[in-house]
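Beneath this line is the structure, given in structure tokens, with notes to follow.
The values are calculated or read from the model by the stated rules, or taken from the named source; none is laboratory data. Quantities reported herein were computed from a predicted structural model and do not represent experimental measurements. Don't worry about glycine lacking a Cβ; one is built from the backbone with ideal geometry, like all the others, and counts go over all protein chains shown. These area figures cover heavy atoms from the full protein model, side chains too; ligands, DNA and RNA do not enter into them. Shrake-Rupley method; radii C 1.70, N 1.55, O 1.52, S 1.80 Å.
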Amino acid sequence: MSILKVSRLGHPVLRMQTKHLAKEALASPAIQTLIDNMMGTMVEYYGVGLAANQVHESLAIAVIESHGPRGTIPMTVLVNPDVTVLDEELIEDWEGCLSIPELRGRVPRYRKLRVDALDRHGNKMRFVAEDFFARVIQHEWDHLMGKVYLDRMRDLQTLSHLHEFQRYWLPETNDAKEGGS
């Protein structure tokens, strides 16, 4: 397994809509290795999610996993995901991003969604995600659509460097170390 280079804000790959994969392409050793490397890269950099374009591959693949204070999410691989909002309620909460290091900001996200996708083996998946899991999925979905969390912020007044976030904003949240995606 290799740790991949993470693209940073400003690199054109982050602003491109990713390409869907044919189900047959998922079986290729190159795609399976990419997925394994994405998982390893996400864990190495303490992320809770990672989209393929964040590692310079414009493909509709995202990996997600969390064992932090905001909730446990098992390792999940989403290929060609489609997201349907099930609850129009927006919840504003803190987010970070591996492609925008050392910054945090409050982002409104839908509380509940349905996800249709393929798993890493090409099997169809359909499930409902709520709360933090729904937030992470929306964050990764945005990456696959060429957007970053800054595009979703209502205003930039809460945008903070990590040190200042921990110093001035953290008392209102328990999420100091849980990384970006």
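The single condition from (1) open to solvent by 30 Å² or more (accessible area, probe 1.4 Å); (2) under 15 Å from the mean Cα position of the chain (by Cα) that residue 40 fails is (1).
Reported count of residues in segment 110-140, each being among the β-branched types (Val, Ile, Thr) and part of a strand (DSSP E or B), is 2. When segment 1-15 is limited to residues that are assigned to a loop (DSSP other than H, G, I, E, B) and over 17 Å from residue 149 (Cβ atoms), the one that is least open to solvent (accessible area, probe 1.4 Å) turns out to be 4. The residues in segment 106-127 that are touching a residue at least 40 places away in the same chain (Cβ under 8 Å) and either open to solvent by 30 Å² or more (accessible area, probe 1.4 Å) or closer than 16 Å to residue 140 by Cα (or both) can be counted, and the count is 9. Of the residues making up segment 83-101, those that are among the acidic types (Asp, Glu) and within 14 Å of the chain's Cα centre (by Cα) number 1. Candidates are the residues of segment 141-173 that are in a loop (DSSP other than H, G, I, E, B) and of a type in the set (Ser, Thr, Tyr); the one that is nearest to residue 66 (Cα to Cα) is 173.
The set of residues in segment 141-172 that are in contact with a helix residue (DSSP H, G or I) (Cβ under 9 Å, 6 or more places away or on another chain) and open to solvent by less than 30 Å² (accessible area, probe 1.4 Å) comprises 142, 143, 144, 146, 148, 149, 158, 160.
Candidates are the residues of segment 69-82 that are in contact (Cβ under 8 Å) with a residue 12 or more places away in the chain, in contact with an Asp or Glu (Cβ under 8 Å, 6 or more places away or on another chain) and open to solvent by 20 Å² or more (accessible area, probe 1.4 Å); the one that is farthest from residue 15 (Cα to Cα) is 69.
Return a yes/no flag: does segment 38-53 have any residue that is closer than 24 Å to residue 116 by Cβ and acidic (Asp, Glu). For segment 38-53, residues closer than 24 Å to residue 116 by Cβ and acidic (Asp, Glu): absent. For segment 86-105, a residue qualifies if it is open to solvent by less than 50 Å² (accessible area, probe 1.4 Å) and of a type in the set (A, V, I, L, M), and the qualifying residues are 98, 100, 103.
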